Amino acid sequence: IFEHPAGGYRKIFETCEELSEPLPATVTGRIPSFLKGSLLRLGPGLFEVGDEPFYHLFDGQALMHKFDFKNGQVTYYRKFVRTDAYVRAITEKRVVITEFGTFAYPDPCKNIFSRFFSYFKGVEVTDNCLVNVYPVGEDFYAVTETNYITKVNPDTLETLKKVDMCNYININGVTAHPHIESDGTVYNIGNCMGKGATLAYNIVRIPPTQKDKSDPIEKSKVVVQFPSAERFKPSYVFGMSENYFVFVETPVKINLLKFLSAWSIRGSNYMDCFESNEGQGTLFHIAKKDPGEYIDLKFKGAPIGMFHHINTYEDQGFIVFDLCAWKGFEFVYNYLWLANLRANWEEVKKAAMMAPQPEVRRYVIPLDVHKEEQGKNLVSLPYTTATAVMHADGMIWLEPEVLFSGPRQAFEFPQINYNRYGGKNYTYTYGLGLNHFIPDRICKLNVKTKETWVWQEPDSYPSEPLFVQTPDGIDEDDGVLLTIVAAPGSQRPAYLLILNAKDLSEVARAEVECNIPVTFHGMYKS
């Protein structure tokens, strides 16, 4: 386990300038000839406005990054997304729209009366799309977890328009982790108000490119609705196999009532409104995909926190789903305040000692459930120790198989050979290794044998690895991984790293003469 006493990791949480034109990168090794597209990634790039800081990892303003591959050469370009949150902050030189963990104070120039009234006009929801970018039809959208998604031009990185999903479907927000089928159909999940002002979750389907060139978003439809365990508290991440959706409802939720009342009077942010129901545990819901139909079976497990599904597939009457879990009911985001992440290494480690422990887990849900099978394990798949046991009240308790576990060493931001193995029985997943929440290695995990591989270098801080298949590749792991690495102490402080997906050996790197801050998710556009 690497130690990071010099604190070079602080650089990935520092503001940087956008570029006026693409920078050429210095290439070592050989860029594979099949890489002819762009690597697009998103993350925070502006960590303070004037003398007002953003406080949380998910508050910095959205910066879009792009590495272009052409004839073995690589260029790097970046631009801030011109969201309302960003444009108004830059214009007024202060935080104008409340972010995840940073409250925007009312304009000090307004008098007390107008300030008082502006509290009740409704809350402005941020459109700071710093989490991911994905295609819808022929368009590309930068996204976060709210109802606003932002259309961007993937070539020039220009911001085209802000789209409010509420105008098209009954949802209050959609996740930044959709599932996309090979024909371009996009599935996502969002919370909504259901019957009798109760909360529910809607799975939304956005069709692929339309023949008449109309906008697929206008044809978005709700496919199926999941109930929520609690009336005013949403939480959501979902998995998708060929015929089913799996929705994991964790005990950590945002309290909407607290959110609306606290916000209008006291000046709070999203982080203040998260609560954990220690008694609830984790609920697992399933639904058929086509036609959409909620399956009314109750599956439950011990409390976990979770942000990323790895993969979900069906096998012999079971749904198998693998995910990156954090044990317990405490909210992991409590450990992602920038002050924590920028602390000295000893302090970083001390804080992480208190945090929930990460684990890669496999859960198995039986589709064929009979009431008389109470008390025995319903999972008969030969290759997993995951169990499902029916209790007297009809609730089925799920115990996972642990695929990877290392104390305070997380396997996160998981990726797979998604084009070929998304929703199918698979063998390999790739991830970003977090060492006490500091990203310091790239990992590969064989989910069948639990074998692991690691790429790591001193004072180097990579980001989520994206898998790109070798065009004539046969094996599941025939391909390369693309990741952006910050190496603050080096002459050229950041580089795009290309690893062989088989053994994580280095294929090439393309170094640039500027710092690159942390990025969350992205895509390879061929």
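The values are calculated or read from the model by the stated rules, or taken from the named source; none is laboratory data. Keep in mind it's a predicted model, so treat the numbers as computed, not measured. With ideal geometry, Cβ positions are generated from the backbone for all residues, glycine too; neighbour counts draw on all protein chains shown. Only protein heavy atoms, including side chains, enter the accessible area calculation; ligands, DNA and RNA are left aside. Shrake-Rupley method; radii C 1.70, N 1.55, O 1.52, S 1.80 Å.
How long is the gain from Ser268 to Val222 if the chain were fully straight, where each residue apart is worth 0.36 nm and the alpha carbon distance is subtracted?
13.4 nm
Under a point spin-label approximation (7 Å from Cα along Cα-to-Cβ), what is the Gln374-Thr449 distance to one decimal in nm?
Inter-label distance under the simple model: 4.4 nm.
May I ask you to give the solvent-accessible area per residue for region 8-525, in square angstrom, as obtained with a 1.4 angstrom probe?
Per-residue value: 40 Å².
Note down the nm distance, to one decimal, between modelled labels 7 Å out along Cα→Cβ at Ser182 and at Tyr105.
5.7
Once you have the Cα-Cα distance between Met354 and Lys300, take 0.36 nm times their residue separation minus that, and quote the gain in nm to one decimal.
Additional length available on full extension: 16.9 nm.
How high is the relative contact order of region 325-401, given as a whole-number percent (alpha carbon pairs under 8 Å, six or more residues apart)?
25
Answer rounded, prolate or oblate for the chain, using the Cα gyration tensor with square roots of eigenvalues a ≥ b ≥ c: rounded when a/c is under 1.5, else prolate when a/b is larger than b/c, else oblate.
rounded
Please give the length that would be gained between Val87 and Asp215 if that part of the chain were fully extended, namely 0.36 nm times their separation in residues minus their C-alpha to C-alpha distance (nm, one decimal).
Once the chain is fully extended between Val87 and Asp215, it gains 43.5 nm.
Tell me the carbon and sulfur percent of the accessible area for region 8-525, rounded to whole percent, probe radius 1.4 Å.
Answer for region 8-525 is 52 percent, counting heavy atoms of protein chains only.
List residues of region 312-339, by number, whose backbone nitrogen lies under 17 Å from a label position 7 Å along Cα→C-beta of Ser405.
Only 322-330 fall inside the zone, counting backbone N under 17 Å.
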